[in-house]
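Notes for the one structure printed next.
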Amino acid sequence: MNLRNRIQQQVFRLNGLALNEFDISQPLGDPGLFGPDHVIWRVHGDFPSMLCGGICALMLQMLHPAALAGVWDHSNFRQDMLGRLRRTSQFIAVTTFGNTQDANILIERVKGIHLRVTGVDNAGQPYAASDPHLLTWVHVAETSRFLAAHLRYKNPQLSLAEQDRYYDEAALIAEALGAEKVPKTVQAVDAYLQSMRPELICDERTLEVMQLLINAPAPSWQAKPAMRVMLKAGMGLLPDWAQQQIQQPISPLTQWRVDKEIAVIAGLLRWSIQRGAYSRAMQRMGR
């Protein structure tokens with residue numbers, strides 16, 4: 001197997017396509033929930049920036065005690081960090097790029113899972129994964145970091161109007177899952193994140209999950225150095241106040257070095273991934 005294919009196989013082990021459950025290349029002509037002319041296809045179609053953004057989203061989400069408790073109490077993330085990454089990435093790939101039926105199947109499945117995820121958080125407050133307020137937090141933490149990563153590592157020229165369109169499009173999935181009052185513009189998302197700060201905490205549980213993330217296993221020894229850089233990149237995509245909160249501020253020099261390393265890694269990944277979700281979906285649309 002040549003180098004290109006070897007790297008592509010490593011990536012597929014991370015990104016949910018390895019689960020081989022849904023065929024993104026079929027049926028021909030079905031645009032799914034969006035279609036190739038939507039901004040969300042461009043943003044979610046770049047694997048390197050999405051991985052950095054996804055790592056950052058997890059770190060940001062965990063600052064909410066209810067989001068953290070849901071993962072803490074109801075998932076095997078400690079034993080299977082890569083499995084969690086795979087399932088999350090499958091959901092994003094299929095709801096963004098999959099055909100209409102598969103996207104809706106996955107949304108209904110996740111809604112069913114959310115109904116079983118209830119409990120009491122570390123501060124003694126009851127939580128439910130199906131709570132619209134919590135669903136909005138998880139969604140905004142995720143999409144805002146995907147967009148931050150896209151602007152830093154893929155296309156800094158994405159216009160403000162296109163960024164607003166991205167949030168507006170992505171809100172469709174959040175609302176289908178039950179989220180309410182989803183902010184749909186850059187300005188609304190920034191204001192929302194500020195308004196959520198009083199609810200966010202960093203306690204010993206949060207720091208333990210951060211350590212687990214930082215020490216997450218790579219899919220292979222060859223991928224380990226790249227994974228380490230991507231984790232640093234994820235941390236650097238956190239808002240400044242969140243970096244301070246998790247006690248992991250990134251200095252300008254470190255950030256500069258990470259950005260240079262990501263440019264190399266991203267170039268290699270983009271060269272090697274020829275059958276990713278985006279290209280399979282474009283093939284389905286005859287593009």
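The values are calculated or read from the model by the stated rules, or taken from the named source; none is laboratory data. A quick note: this is a predicted structure, and the numbers were derived from the prediction, not measured. FYI the Cβ positions are ideal-geometry reconstructions off the backbone, even for glycines, and counts take in every protein chain you see. Note: areas computed on protein heavy atoms with side chains; ligands, DNA, RNA excluded. Shrake-Rupley method; radii C 1.70, N 1.55, O 1.52, S 1.80 Å.
Summary of computed values
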item	result
Pair list, Cβ under 7 Å, 6 or more apart: segment 129-147 residue more than 27 Å from G236 (Cβ to Cβ) and part of a helix (DSSP H, G or I), other residue open to solvent by 10 Å² or more (accessible area, probe 1.4 Å) and at pLDDT below 95	none
Segment 22-42 residues that are under 14 Å from R284 (Cα atoms) and without any contact (Cβ under 8 Å) to a residue 60 or more places away in the chain, paired with ones that are open to solvent by 10 Å² or more (accessible area, probe 1.4 Å) and outside any loop (DSSP other than H, G, I, E, B) (beta carbon under 7 Å, 6 or more apart)	none
Boolean, E169 is surrounded by fewer than 19 Cβ atoms within 10 Å (Cβ to Cβ) and touching a residue at least 40 places away in the same chain (Cβ under 8 Å)	no
Considering residues of segment 129-144 that are open to solvent by less than 40 Å² (accessible area, probe 1.4 Å) and among the aliphatic types (A, V, I, L, M) only, the residue nearest to the chain's Cα centre (by Cα)	A141
Test: residue in segment 101-122 that is over 18 Å from V39 (Cα atoms), assigned to a helix (DSSP H, G or I) and touching a Gly at 6+ places or on another chain (Cβ under 7 Å)	yes
Boolean, V209 is β-branched (V, I, T) and farther than 13 Å from M81 by Cβ	no
Segment 212-254, residues that are under 19 Å from D80 (Cβ atoms), open to solvent by 30 Å² or more (accessible area, probe 1.4 Å) and polar (S, T, N, Q)	N215
Selection count, segment 45-84, where residues are open to solvent by less than 10 Å² (accessible area, probe 1.4 Å), assigned to a loop (DSSP other than H, G, I, E, B) and among the polar types (S, T, N, Q)	0
Which listed residue is modelled with pLDDT under 95 and either more than 15 Å from the chain's Cα centre (by Cα) or in a helix (DSSP H, G or I) (or both), from R42, R87	R87
Search result, residues across segment 260-287 that are charged (D, E, K, R) and either surrounded by 14 or more Cβ atoms within 10 Å (Cβ to Cβ) or within 15 Å of L3 (Cβ to Cβ) (or both)	E261, R270, R275, R280, R284
